[in-house]
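The values are calculated or read from the model by the stated rules, or taken from the named source; none is laboratory data. If you're wondering where the values come from, they're calculated on a predicted model, not measured in any experiment. Here the Cβ positions follow ideal geometry from the backbone for every residue, glycine too, while neighbour counts run over all protein chains shown.
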Amino acid sequence: MTARRLCLTLWLCCWGFPASAADLLLVIDDIGNNRALGEQLLTLPAPVNMAFLPHTPYAARLATKAAAQGHTVLLHAPMANKSGAKLGPGGLYPEMSKDEFDATLNADLDAIPAVSGLNNHMGSLLTQDCERMGWVMAIARQRQLFFIDSRTTTATCARQAALQAGVPVLGRDVFLDNDRSAEALARQFDKAVAIASKYGKAVLIGHPYPETITFLQQRLSQPASSSWQLAALNDRLAVTTAAKHRLASLTTTRNMSHRKGDGEGNGASNEDHSDNDTAVVHTADADPQFLKHQTGRPESLSTAADQSIGILRLPTSNSSRLLRIHLQP
Ligand SMILES: [Zn+2]
């Protein structure tokens with residue numbers, strides 16, 4: 001393993017942190033065609049992560065409202081699927097030229113106000129096309145967006161492509177509503193909570209079905225649990241430009257907002273930012289899988305192969321936990 005060539009010292013440092021709740025990252029896909037259902041979704045307690053289909057009648061106005069209410073806004077990018085199902089406007093297909101592909105994706109993103117990330121609508125064909133996923137991630141990186149892999153095929157390349165491009169990425173853990181019976185919805189929700197409790201976070205994807213909305217209105221109105229909390233993707237996965245350029249030190253700091261830049265290649269390193277939960281590490285050629293194994297925090301590391309950057313994000317929003325990493329070549 002590549003990482004074995006590195007001398008790795010890793011501390012898990014806990015500065016008086018209280019037991020924190022696991023993150024349930026609830027994503028609702030397919031929003032934009034139905035105004036009434038979209039408005040009902042906006043009655044759910046924030047933060048929910050809402051994914052809007054581009055160029056649909058109500059996407060822009062619902063996205064604006066969602067952002068104002070503290071929800072995270074995603075583009076639900078329509079991607080080609082193996083069964084040939086219609087994608088609607090803004091669809092991305094493997095037969096497009098790169099120029100056409102890039103222009104379509106950029107127009108899709110431009111159509112969604114306050115967008116901070118994207119995930120795939122369908123995409124069982126396109127997400128296993130590593131070259132096209134690279135095109136997607138180049139734009140995501142350029143526009144400072146995160147990517148959520150809906151994982152509509154087990155052969156997906158999306159995560160790999162995102163890691164290579166330095167785009168923050170998570171994958172779907174559970175689909176909430178493939179079966180819309182009350183029992184099935186409860187079972188899937190509980191499954192996501194169990195995964196979150198075990199790993200610190202879980203991505204649960206649902207859809208704007210009346211049954212799903214009714215279930216969530218009821219379930220999320222119950223007294224707050226101490227073991228899990230709804231979490232916003234734009235809070236957990238946002239990576240600032242400043243963070244990307246402040247990468248030289250081999251040691252992470254507790255609180256990046258007071259960090260001064262140093263080392264190589266970080267001319268813009270003195271800006272402040274408030275990524276309290278972002279530890280920045282110089283990973284050289286460290287293997288992300290190895291690091292994740294060591295830290296016990298799957299999905300929390302993204303790397304940019306071209307800049308040898310690793311960004312490790314903790315699963316809680318307050319900075320009471322810190323993972324400190326020291327890597328030496
Ligand atoms: Zn969809």
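Observations on the structure shown:
- The combined condition, being more than 16 Å from the ligand (Cβ to nearest atom) and either touching an Asp or Glu at 6+ places or on another chain (Cβ under 7 Å) or at pLDDT 95 or above (or both), is fulfilled by PRO57.
- Within the stretch 67-81, considering residues that are more than 16 Å from the ligand (Cβ to nearest atom) and in a loop (DSSP other than H, G, I, E, B), the one surrounded by the most Cβ atoms within 10 Å (Cβ to Cβ): HIS71
- From the list GLY84, GLY88, the one residue that fits, being assigned to a loop (DSSP other than H, G, I, E, B), without any contact (Cβ under 8 Å) to a residue 60 or more places away in the chain and within 14 Å of the ligand (Cβ to nearest atom), is GLY88.
- Scanning the stretch 123-144 for residues that are closer than 19 Å to ILE205 by Cα and surrounded by 23 or more Cβ atoms within 10 Å (Cβ to Cβ) returns GLY123, THR127.
- Among the numbered conditions (1) surrounded by fewer than 20 Cβ atoms within 10 Å (Cβ to Cβ); (2) assigned to a helix (DSSP H, G or I), the only one that GLN222 does not meet is (2).
- Restricting attention to the stretch 116-142, the residues that are within 16 Å of the ligand (Cβ to nearest atom), more than 12 Å from ALA80 (Cα to Cα) and not polar (S, T, N, Q) total 3.
- Looking at PRO94, PRO168, just one residue is over 27 Å from GLU39 (Cα atoms), surrounded by fewer than 17 Cβ atoms within 10 Å (Cβ to Cβ) and either among the β-branched types (Val, Ile, Thr) or touching a residue at least 24 places away in the same chain (Cβ under 8 Å) (or both), and that residue is PRO94.
- The condition of being touching a residue at least 40 places away in the same chain (Cβ under 8 Å) and surrounded by fewer than 20 Cβ atoms within 10 Å (Cβ to Cβ) holds for only one of SER197, SER181, that being SER197.
- Selection from the stretch 153-166 of residues that are at pLDDT below 90 and β-branched (Val, Ile, Thr): none
- Among residues that are assigned to a loop (DSSP other than H, G, I, E, B), touching a residue at least 40 places away in the same chain (Cβ under 8 Å) and either closer than 14 Å to ILE112 by Cα or polar (S, T, N, Q) (or both), HIS55 is included.
- Any chance ASP102 is assigned to a helix (DSSP H, G or I) and within 15 Å of the ligand (Cβ to nearest atom): no
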